[in-house]
1. Quick one: how many residues across the range 63-87 are surrounded by fewer than 22 Cβ atoms within 10 Å (Cβ to Cβ), farther than 17 Å from residue 134 by Cα and of a type outside the set (D, E, K, R)?
2. Working only within the range 114-153, note down all residues that are surrounded by fewer than 20 Cβ atoms within 10 Å (Cβ to Cβ) and assigned to a helix (DSSP H, G or I).
3. So which residues in the range 302-334 are open to solvent by less than 40 Å² (accessible area, probe 1.4 Å) and out of contact with any strand residue (DSSP E or B) (no Cβ under 7 Å at 6 or more places or on another chain)?
4. Could you go through the range 103-111 and let me know if any residue there is open to solvent by less than 20 Å² (accessible area, probe 1.4 Å) and either within 15 Å of residue 23 (Cα to Cα) or at pLDDT 50 or above (or both).
5. What number of residues within the range 90-112 are assigned to a helix (DSSP H, G or I) and more than 20 Å from residue 76 (Cβ to Cβ)?
6. Among the residues of the range 64-89, what is the count of those that are in contact with a strand residue (DSSP E or B) (Cβ under 9 Å, 6 or more places away or on another chain) and assigned to a loop (DSSP other than H, G, I, E, B)?
7. Name every residue in the range 335-351 that is open to solvent by less than 30 Å² (accessible area, probe 1.4 Å) and either over 21 Å from the mean Cα position of the chain (by Cα) or at pLDDT below 95 (or both), in order of residue number.
8. Would you confirm whether or not the range 308-317 contains a residue that is closer than 29 Å to residue 153 by Cβ and among the acidic types (Asp, Glu)?
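The values are calculated or read from the model by the stated rules, or taken from the named source; none is laboratory data. Note that the coordinates shown come from a computational prediction; the quantities given were computed from them, not determined experimentally. Reconstructed Cβ throughout: ideal geometry from the backbone, glycine too, with neighbour counts over all protein chains shown. To get the accessible areas, we keep the full protein, side chains included, count just its heavy atoms, and leave off ligands, DNA and RNA. Shrake-Rupley method; radii C 1.70, N 1.55, O 1.52, S 1.80 Å.
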Amino acid sequence: PRPLRDVGSMAAASGGDWAKAYNVDLLPPGDDADGASGEGGDGGGGGGAGGGVDRRATAAWRSVGTPLVLLLGWMGSKPRHVDKYSTLWRARGYAVLRAIAPTADVMLPTRRRKAREEAAANLLRMAAAERPSYLVVHLFSNGGAMVWRHCIPLLNPGGAHASLHVRAVVFDSAPSTMRPVTGLRAMYYASGAPNALVVRATRAVALPAGVLALLVLLTGRPAGAHAALRRWLRWLLPSPAHWRRWLLAAAVVAVTLENTRRRIAGVTEAYWSDLLASRVGAPELFVFSDDDALVPAVDVTEFLERRRASGVDVHTLRLDHSPHVGHLRTAREAYERALDDVVGDGGTTPP
């Protein structure tokens, strides 16, 4: 069965806008592909059309205790990018509740916290309504982990949805610390226009080269162009009388950068603290690579070692060469085997 694009009664009851913003889809188990092969690539794309929930389509499997996968996509992904993972789980007999956080909810971790908390609560409310035999969480990059961080207090002992049994948590290309450069790279990949950066870099080089060529044409000789360029630079650069102002401006910039660094460090500390607070009692699988351009392996290793030190059953699949959120494509057999191992029963038989 293909996902329907109308927001169903459960999503509408909690406010349909969030479901559209998060591209929510609820898919019953089955061997068929759910609308797309996923060959469109792993790395990007802006938000797609909103997903939906078909209550009648799920009526046939709600009462049999089918396990459910909460699939949390990466920032900038479209439903077609994560369809391959939905197909993988559905072929194993799992239903899939799929959601993708909007870019703003990921890139503004403090300002958009309330929106993420509401989305997490609504997703778990929908999951509980399906009465699954157990829940598997499969998240991708920091975009998926940002939503998972707000699911944790609801699933921990004493939480509103502590009755949901979490069988396993899968971290694909996550988590990492917050860095300005990494954030810019993430936005670049999420834009779905990788050539844009090349175009801008070319323009940045072409502009001064063009100015120099124009001066050569105007003066008629390279020496004249050199002299004109020196006069231009002398006008542009400050005179000694203005150095104090420039030094003061530089000091202000340095202080601003330091304050920004501290704020980012605080955001990272809060983010990791929320993730490390998980006490759902499920084993955790970390799939990552040594040459991930967005999530360094050292960050994932530090996080998983802290989880292991806290008594969590940690599984790992570390690859030498594999792109960000592209590990299923790089090592499909090892990836599927790792999923089956962490779940513990090799999947379930479709009803």
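1. 1
2. Once the filter is applied, which keeps residues that are surrounded by fewer than 20 Cβ atoms within 10 Å (Cβ to Cβ) and assigned to a helix (DSSP H, G or I), the range 114-153 yields 114, 115, 117, 118, 121, 125, 128, 129, 153.
3. If the condition is that a residue be open to solvent by less than 40 Å² (accessible area, probe 1.4 Å) and out of contact with any strand residue (DSSP E or B) (no Cβ under 7 Å at 6 or more places or on another chain), then 303, 324, 326, 328 are the ones that fit.
4. Checked against the condition, which is being open to solvent by less than 20 Å² (accessible area, probe 1.4 Å) and either within 15 Å of residue 23 (Cα to Cα) or at pLDDT 50 or above (or both), the range 103-111 yields at least one hit.
5. Here the count works out to 2.
6. Matching residues across the range 64-89 total 7.
7. Residues of the range 335-351 open to solvent by less than 30 Å² (accessible area, probe 1.4 Å): 335, 338-339, 342-343, 347.
Residues satisfying the conditions are 342, 343, 347.
8. The initial filter retains those residues of the range 308-317 that are closer than 29 Å to residue 153 by Cβ, namely 308-317.
Adding the requirement that they be among the acidic types (Asp, Glu) leaves 313.
Yes, because at least one residue in the range 308-317 is closer than 29 Å to residue 153 by Cβ and among the acidic types (Asp, Glu).
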